[in-house]
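To keep things clear, I will list the structure first and then write my remarks on it.
Only the coordinates and a few stated rules stand behind these numbers; no lab work does. These numbers were taken from a predicted model, which means no experiment stands behind them. Here the Cβ positions follow ideal geometry from the backbone for every residue, glycine too, while neighbour counts run over all protein chains shown.
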Amino acid sequence: MPVKRRTVGWWSPDPRGIIPLDGLRVSRSLRKACATYEVRMDTAFDDVIAACADPKRPHGWIDRSIMDAYRRLHRLGWAHSVEAWTPDGELAGGLYGIAIGGLFAGESMFHRRTDASKVALVHLVELLRSGGSTLLDVQWTTDHLRTLGAIDISQAEYLDRLAEALTRPLPTVFRRQAG
């Protein structure tokens, strides 16, 4: 995260927020919303990060240098987006983050339509579970993420889970971008 001009900070919060892959809370209305959107991966990475960086959003931290860094990571196959699209082809919401082994470190999410970012999250969790991943890192547990099942764990527990996740192979769905 940018701390001040030309300085980027790295944070390791304690406690750390995660969403257990078997603990995602999907309400009836969210399940219904999942049928409303088409979910794609890595088809609009630049648009997703630009929407997440919208300066009108509260608590914005994504500046030009962060966007450029993540775009490069995307080109290298490390950063990925999950996007929710309307039937008429509008990008309605999404999220992006970094995939390494069995870890997905979520960075930011946005929505332009109701539940669109949550639909992307539901799809991401399904991809992670089916691909053998074990850790979805959300950094800080916000009230919004708590409603979806996010929990806090100690830094020691996080580091244990991270070490285990990094021994796992990268899910196939993320390997398509690598290279």
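Taking the Cα centre of segment 47-151 as origin, sum charge times position over the Cβ atoms of Lys and Arg (+1) and Asp and Glu (-1), and report the length of that vector in debye to the nearest 20.
On the way: 11 positive and 12 negative charges, 29 e Å.
So the magnitude is around 140 debye.
Charged side chains reduced to their Cβ positions (Lys and Arg at +1, Asp and Glu at -1) give the chain a dipole of some 240 debye around its Cα centre. Between the beta carbons of THR36 and TRP140, assuming R0 = 22 Å, the FRET efficiency works out to 0.15 to the nearest 0.05. Here the relative contact order of segment 15-175, from alpha carbon pairs under 8 Å that lie six or more residues apart, stands at 33 percent. The trypsin sites (Lys or Arg not before Pro) of segment 29-78 that DSSP puts in a loop, and whose beta carbon has at most 16 other beta carbons within 10 Å, are LYS56. Matching the structure-derived Cα extents along the principal axes in Å against the labelled list [x] 53, 37, 35; [y] 64, 33, 25; [z] 44, 39, 37 gives the label [z].
Label zone of ARG64 (point 7 Å out along Cα→Cβ, amide N under 17 Å): in segment 106-125 this covers no residue at all.
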